[in-house]
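The values are calculated or read from the model by the stated rules, or taken from the named source; none is laboratory data. Just so you know, these numbers come straight off a predicted model, no measurement behind them. Quick reminder, even Gly has a Cβ in these numbers, built from the backbone with ideal geometry, and neighbours come from all protein chains shown. Accessible surface areas use protein heavy atoms only, side chains included; no ligands, DNA or RNA. Shrake-Rupley method; radii C 1.70, N 1.55, O 1.52, S 1.80 Å.
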Amino acid sequence: MGRIRLLSETVASQVAAGEVVERPASVVKELLENSLDAGARSIDIAIRRGGISLVRVIDDGCGMDRDDALLSLERHATSKIRSAADLQAVATLGFRGEALPSIASVSRFRLSTRETDAIAGTEIIVNGGKIDVVRDGGEAPGTQVEVRSLFYNLPARRKFLRSENTESRNVEHQIHLQAIGHPEIGFSLMRDERILFQLPATATLGDRIRDLYGIELLQRLVEVNGAASPKIGISGFIGQAGLSRQTRSQQLVFVNGRAIESTLITGAVREGYHTALMKGQYPVTFLFVEIDPGAVDVNVHPAKREVRFRDPNGVREAVVRCIQQTLEHARAEWQEKFRAPVPPGPAAAVSAKAAPDLSLRSEIIAPEATHRELPHLGTVAGIADPGRAPSEIVGQALRLPERRFDSPGDSPPLHQHERDTKPAQQQFEIIGVLSKLYVLMENASGLVLVDQHAAHERVLFEELRRRMEQQGVPTQKLLLPQTFDVPPRDADWIEHNLSVLQRMGIGIESFGPGTFKIDSLPSFLDVSDAAQFMRKVIDDLKSVSNSASAMRLGEEMIAKSVCRHAVKANDPLHYPEVEKLIRDLLDCDLPYCCPHGRPTMIQISLAELEKKFGRKI
Ligand SMILES: Nc1ncnc2c1ncn2[C@@H]1O[C@H](COP(=O)(O)OP(=O)(O)OP(=O)(O)O)[C@@H](O)[C@H]1O
Ligand SMILES: [Mg+2]
C-alpha cells in the first residue's frame, strides 16, 4: 500500500532530460534549434572542455520578455505549437517545450535575453533545475544561454561522457549540420578560447560547403537537380561517383530543413549510387528533401533525430531516381574533359623529339583511326627491341607485352559492339602503362591515371547490362537441379520476386514450404554452388529493396560476376587494346567507377602538378 509516489518536478525534469540531453552535443543542438526558430541571423557558439565545462550560444534572434523567459523554463511550455492539430504539420525545429527545462535541470544554467525594442533584458540563473536569480539584464538584443558543468548533479551520467576531444567533435558535427542547413546564417565556433571557424552568411549552399570543407570537396560534388516528383522536392549536392568516405560524417540529410538520420533515405541514396559506391563506404551527401509537413511525422524520436514518412515508398523512390539522374548528368561534364583538345605545350615538344616512336604513337592515337586499322604493336619493328629506342621515355612506355587481350582461348571479347565504328572525338593521349596496371594518359586538364582492371570491369558490366536489356538473359541448365531451404522471410521474398528472378535467367520454382528448386542460371555466371549463390543474392538484394526490379537484380548479379571476366590487374594489354579500352570506358554511362564503386580513373591537374613541383604556391 502507498508504494506509488508522484515525482517532484525536478526529478521529473531530470528523467525527461535523460532523453533530450545525452551529451554536450545535444545541448548545442537544442540551443541552435531555438536560435534558428527565433529568427537569428548570426549565432556564436563557444565550448570549453568539449562542452562539458561550458556551452554558450549567443544569437541575435527575437529574444523574450521577462514572462516568456520564465515560462520558457517550465516543462511543456512552448510558443511553437498550440494544439494537437499543429503537431500534424510542425514548421519549426522545436515543438515540445522540453529542451530548456531539461538542460537547466542537469547543469548550472544562465539565460539572458532581450527583445529588440525592449529597454531592458532579463537574466535568469538556474542551478540543477531550481531558479536562483531573476533580474534585469542589459545584454544586446537576442538571447544568450550558458550551460556550465553539465551533469554536475548526475554523476552517473557524467561517467558516460567520452573524452573532451570526442565530445568536441560531436559538438562540431552538430554545428556543421546546422550550418549546412542554413547557409544564410552566420556561425562561429570558439573552442577553449580558440576560434575554430567563422562562417559568414552566404547566398548559396555551395559557398557554405566551400567555407566549411574547402574548395577541393566542392569540386568533387555534383548539384542535385530539382524536383524529384510533384510532391517531393530534392536539392543539394552529392559526391561524384567514386567519391566516398569511411564514416557517415559527411552524409547529411535534411527533411524540411531539419537534419535527420534516416535509414530509409540513406538506403535510397545507396541504391541510387548502386555501382558507383564502394562496398562498406559511405557517400558524401548534402541532401535536402522538401515535403508537405503534413506528410511527415517529426514527433517520433526523443531527440528529434528521426522522422516518419506517411509514404515511405514514395520518398524512397524519389530519392533513388534523383540520385541516379544526378550521377548520369555529371557524366556528360566528365566526358567533356576528354573532348577538349590537348593544348600544345612542353609535352608535345618532348614527343616531337622522340622521332621514331612518335610517328607510331600519333598514328595510334589519331582520332579517325579505328582499332582494327591500327598496327599490331608487337609486329612493329623497333618498339619491342630494346636496342632501338633506349633513351626515350615514350618508347619505353610503348613497349607493351605480347599477349593479346582477345587472343584465342580467351572468352570472346564482350566489349566489341557497334560503338566501335563511331567517330571518336576524344582528345587524349596515352603515354604508357605503369606497373602493368595503370594507364597513364594526358588530357587537356593534365595527367589521368586509369586502373585498367577497374576500367574493364565497368566496360564489361555495361555491355552485359545492355545485352540483358536487348536480348534477355541466356541461361544454362544445371547438371543437377538443386533444392535449398530458406527461412520464412526469405521464402516470402523469393515468392514475391519469383517472376523477376525467372526473367533474369534463374530457373527457380517453389518446391514445398520454405524450399525452392533451381535448375538453371544465367550463362554468364560462373557459379559452383547454386544454392549458396542464391542465398547470397537474396541477402544482398533484400537489403537493397523489397521489390527489386528485374534490371536491378540483373545488374547486381552482373556486378558480382563481372570481376571474373575482367582483365586482371597484371594482364598485359597491347597498345591498341589499351586505347580501345579507354574509348569504351569513356562511352560508358558511369565511366569513372567500376561496378563496385572503386574509381576507374584519377585526374591529376596541371595545377596540382605545378603545386607539387613548387612552381606555384
Ligand atoms: N534563443 C531563443 N530565442 C527566443 N526564444 C527562445 C529561445 N530559446 C527558447 N525560446 C523560447 O522558449 C520556448 C521553450 O524553448 P524549448 O527549447 O524548451 O522548447 P521548444 O523549442 O518550444 O520545443 P523543443 O523542446 O522541441 O525544443 C520556445 O518555444 C521559445 O518560445
Ligand atoms: Mg527548442
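Of the numbered criteria (1) within 12 Å of ligand 1 (Cβ to nearest atom); (2) in a loop (DSSP other than H, G, I, E, B); (3) under 18 Å from residue 39 (Cβ atoms), the one residue 145 fails is (2). Within the range 587-608, residues that are outside any loop (DSSP other than H, G, I, E, B) and open to solvent by less than 10 Å² (accessible area, probe 1.4 Å) reach partners that are among the aliphatic types (A, V, I, L, M) and modelled with pLDDT under 85 with beta carbons closer than 6 Å, at six or more positions or on different chains, in the pairs 593/241; 593/276. Restricted to the range 28-66, and to residues there that are of a type in the set (S, T, N, Q) and in a helix (DSSP H, G or I), the residue that is farthest from residue 190 (Cα to Cα) is 34. Residue 69 passes every criterion in (1) of a type in the set (Gly, Ala, Ser); (2) assigned to a helix (DSSP H, G or I); (3) farther than 25 Å from residue 132 by Cα; (4) within 15 Å of ligand 2 (Cβ to nearest atom) apart from (3).
Each residue in the range 76-86 was checked for being buried (at least 18 other Cβ atoms within 10 Å of the Cβ) and within 6 Å of ligand 1 (Cβ to nearest atom), and 1 of them qualify.
Residues of the range 87-125 being within 11 Å of ligand 1 (Cβ to nearest atom) and part of a strand (DSSP E or B), which ones? Correct list: 111, 112, 113, 114.
Residues are listed down the side, and each one gets a yes or a no for (1) of a type in the set (A, V, I, L, M, F, W, C); (2) at pLDDT 95 or above:
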residue	(1), (2)
158	no, no
162	no, no
179	yes, yes
187	yes, yes
191	no, yes
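A count restricted to the range 204-252 and to residues that are free of Cβ contacts under 8 Å to residues at least 40 places away in the same chain, among the acidic types (Asp, Glu) and part of a strand (DSSP E or B) stands at 0.
Regarding residue 303, is this residue more than 30 Å from residue 220 (Cα to Cα) and of a type in the set (A, V, I, L, M)?
yes
Taken over the range 49-66, the criterion of being within 14 Å of ligand 2 (Cβ to nearest atom) and touching a Gly at 6+ places or on another chain (Cβ under 6 Å) is satisfied by 59, 61, 62.
Filter the range 82-120 for residues that are more than 16 Å from ligand 2 (Cβ to nearest atom) and over 28 Å from residue 151 (Cα atoms) and give the result. Answer for the range 82-120, where residues must be more than 16 Å from ligand 2 (Cβ to nearest atom) and over 28 Å from residue 151 (Cα atoms): 83, 84, 85, 88, 89, 115, 116, 117, 118, 119, 120. Can you tell me which residue is nearest to ligand 2 (Cβ to nearest atom) among those in the range 17-27 that are of a type outside the set (Ser, Thr, Tyr) and part of a helix (DSSP H, G or I)? Among those that are of a type outside the set (Ser, Thr, Tyr) and part of a helix (DSSP H, G or I), it is 20.
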